[in-house]
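Presented below is the structure to which this report refers.
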Amino acid sequence: MNAEHKLAGGNAAPEAPTIDSTMQRMALQRMRDQQNLSAGVVAGLVAAVAGAALWAIVTVFTGYQIGWMAVGIGFLVGYVIRAVGRGVDPIFGIAGAALALFGCLLGNLLTVCYFVAQNEGIPLTDLLPQLDTTIISELMMATFSPMDLLFYAIAVYEGYQLSTLKISDEDLQAATTGPVVG
């Protein structure tokens with residue numbers, strides 16, 4: 001019973017059970033032991049490239065650059081990293097943010113390259129190997145819009161937020177007694 005409530009003469013509501021800090025540390029360590037950063041990053045890279053390709057395909061077929069595709073890439077990358085990497089440490093969020101940004105930039109680049117290849121009458125597969133950092137930066141600057149920053153920022157935020165497992169007291173309790181469920 002709560003001491004203050006007892007002195008006031010009332011009946012105290014039962015307090016929620018707390019998890020001992022040693023048990024919390026052990027549970028958190030158990031979850032960390034199940035992390036796999038390299039698998040999460042590889043899966044996130046695949047998701048970023050797939051999202052970029054999908055972005056380019058949608059843009060080519062619609063004729064419009066749809067900024068919400070960037071949001072989708074952030075969501076996809078973050079979700080895949082969390083599902084595969086099962087990380088609780090901030091490095092998973094950083095990887096998710098970086099790969100989400102990479103996917104957005106690649107989606108824009110692939111789209112621009114398609115239209116350049118079409119304009120020049122050459123296959124995209126012939127154009128892509130000719131790209132170097134100078135050409136890439138020129139293409140990206142020529143097609144940049146300030147609105148891109150908003151969608152990139154949302155994608156980066158989502159990539160960061162969604163890439164790590166969120167740990168609740170229930171997760172810690174489960175981790176101390178059985179397998180971790182994400």
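Rule-based calculations on the coordinates, nothing more; no lab input. Just so you know, these numbers come straight off a predicted model, no measurement behind them. Cβ coordinates were reconstructed from backbone atoms using ideal geometry, including for glycine residues, and neighbour counts include every protein chain displayed.
What is the packing order of peptides 71-79, 157-165, taking the mean over residues of other C-beta atoms within 10 Å and listing the highest first? Before the final figure, lay out each step's value.
Numbers: 71-79: 25.4, 157-165: 22.9.
Taking the mean over residues of other Cβ atoms within 10 Å, the ranking is 71-79, 157-165.
Starting from the Cα gyration tensor of the range 34-173, take the square roots of the eigenvalues, sort them a ≥ b ≥ c, and report rounded, prolate or oblate (rounded when a/c is under 1.5, otherwise prolate if a/b is larger than b/c, else oblate). Show your work: numbers first, answer last.
Details: a/c = 2.69, a/b = 2.21, b/c = 1.21.
Prolate shape, in that a/c is at least 1.5 and a/b is the bigger ratio.
For the pair Arg30 and Thr133 in one chain, pulling the backbone fully straight at 0.36 nm per residue adds 32.8 nm over the alpha carbon distance.
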